[in-house]
1. Suppose all protein chains stay in the model; what accessible area per residue would a 1.4 Å probe give for the stretch 1-152, in Å²?
2. Could the peptides 212-220, 199-207 be put in order, highest first, of the mean number of other beta-carbon atoms found within 10 Å of their residues?
3. For the stretch 207-256, report the accessible area per residue in Å² (1.4 Å probe, heavy atoms, rounded to an integer).
4. How large is the helix-only mean residue ellipticity at 222 nm for the chain, computed as the sum of -39500 (n - 2.57) over DSSP H runs with n ≥ 4, divided by its residue count, in deg cm²/dmol to the nearest 500?
5. Beta carbons within 10 angstrom, averaged per residue: use that to sort the peptides 337-348, 28-39, highest first.
6. In the chain, what percentage of the DSSP-assigned beta bridges are antiparallel, given to the nearest 5?
7. Rank these residues by their accessible area, most exposed first, probe 1.4 Å: Tyr180, Tyr282.
8. For the stretch 252-315, state the average projected area of the convex hull of the C-alpha atoms over all orientations, rounded to one decimal in nm².
Amino acid sequence: MNFIPVNEPLLNGNEKKYLCECIDTGWISSEGPFVKEFEQKLSASVHRKYGVAVSNGTAALEVAVQALGIGEGDEVIMPTFTIISCAMAVTKAGAIPVLVDSDTHTWNMNAEEVEARITSKTKAIMVVHLYGLPVDMDKILALAKKYHLKVIEDAAEMHGQTYKGKPCGSFGDISTFSFYPNKHITTGEGGMVVTDDENLAERCRMLRNLCFKKDVRYVHDEISDNYRFTNLQAAVGIAQLERLETFVKRKRDMGRYYTEALKGVRGLQLPIVRTEDAENIYWVYGLLLDKDIPADNRTVQRLLAEEGVGARTFFWCMHEQPVYQKQGLFQNESYPNAEYLARKGFYIPSGLALTQEQMEHVVCKVRKVMTQLG
């Protein structure tokens with residue numbers, strides 16, 4: 001069998017049809033009609049009034065932070081265990097990330113630790129839903145209300161997921177999505193900011209487009225980047241969104257298969273199926289090595305690659321990032337749960353295009369590698 005990549009998107013719906021429409025009409029730039037249609041349909045799917053499509057998920061976070069007016073010296077509470085885009089959006093604005101540890105049960109930020117990190121400089125809490133299950137939003141929203149804080153909700157991995165029946169992406173003052181190829185909805189690259197605040201939405205539109213003034217082009221009162229999203233990307237996104245319900249069902253079926261097939265493998269912790277608030281959506285199928293396994297996730301990644309199976313390690317903690325250590329951030333900070341996840345967690349092939357035969361092969365090779373590790 002050929003090498004099985006960790007992800008392969010499924011693009012066999014109306015993607016080609018809509019892309020041909022872009023080419024036939026000549027609308028390929030950010031001015032094309034599919035962009036507004038995608039913004040409207042994606043935001044409506046998460047019960048939001050406004051959507052602003054941008055070039056990628058990182059851009060969405062940067063626009064969200066800037067739109068909220070977070071700046072020099074402000075503090076934003078966020079998980080240490082996440083992708084660097086989250087911290088980078090904060091530090092680029094001149095603000096300071098304040099970190100919390102992970103919940104070992106869900107792998108998300110530990111909402112119980114947030115209140116102790118709030119100071120007079122705290123302006124926002126950045127929630128990041130990770131891998132398949134949502135953060136405990138009731139606790140976060142209660143703290144935000146109590147201390148008059150903004151909530152930035154990163155729902156990049158949560159297309160189609162809910163928390164207590166309400167869509168992820170609907171909770172923050174401003175929420176963000178990514179459409180990278182490994183997401184349930186992909187546009188190759190791309191992202192979106194969603195909100196119910198008309199003024200925030202208008203500010204996001206300005207920030208994604210070099211801060212052109214609304215009434216006078218080429219005159220700028222502020223500086224921003226070019227975060228525009230093309231009609232070609234939006235065409236693919238609309239086709240993907242049409243099948244989101246099918247994609248979510250497929251992901252959960254895959255998760256159930258892996259869980260049943262890997263149950264009982266010594267040394268592996270499997271992702272939990274559900275919490276009181278949500279059923280796992282299995283953005284990826286993550287696995288965690290037991291502490292007594294004499295190997296880390298990079299070793300497993302290498303061994304699986306030798307067997308023709310792609311794997312990817314979990315995120316590396318923000319407080320251990322060399323770039324932030326050089327800047328003097330997070331000195332002498334330790335978050336043991338997150339450090340364990342970063343060293344022992346990995347995920348196996350779980351893209352939407354994965355076949356049953358490939359999944360069976362993956363299971364066989366995971367079992368073989370775990371036997372080698374004892």
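The values are calculated or read from the model by the stated rules, or taken from the named source; none is laboratory data. Please read all numbers here as calculations on a predicted model, not as lab measurements. In this analysis, Cβ positions are derived from the backbone assuming ideal geometry, glycine residues included, and neighbour counts consider all displayed protein chains. In case anyone asks, the SASA skips ligands and DNA or RNA and just uses the protein heavy atoms, side chains included. Shrake-Rupley method; radii C 1.70, N 1.55, O 1.52, S 1.80 Å.
1. Working: 6620 Å² over 152 residues.
I get 44 Å² per residue for this part.
2. Numbers: 212-220: 9.6, 199-207: 20.0.
In descending order of packing, they fall as 199-207, 212-220.
3. I get 55 Å² per residue for the stretch 207-256.
4. That comes out to -11000 deg cm²/dmol.
5. Numbers: 337-348: 22.6, 28-39: 19.2.
In decreasing order of mean packing, 337-348, 28-39 become 337-348, 28-39.
6. 60 percent
7. The ranking, largest first, comes out as Tyr180, Tyr282.
8. Numbers: hull surface 20.9 nm².
That works out to 5.2 nm².
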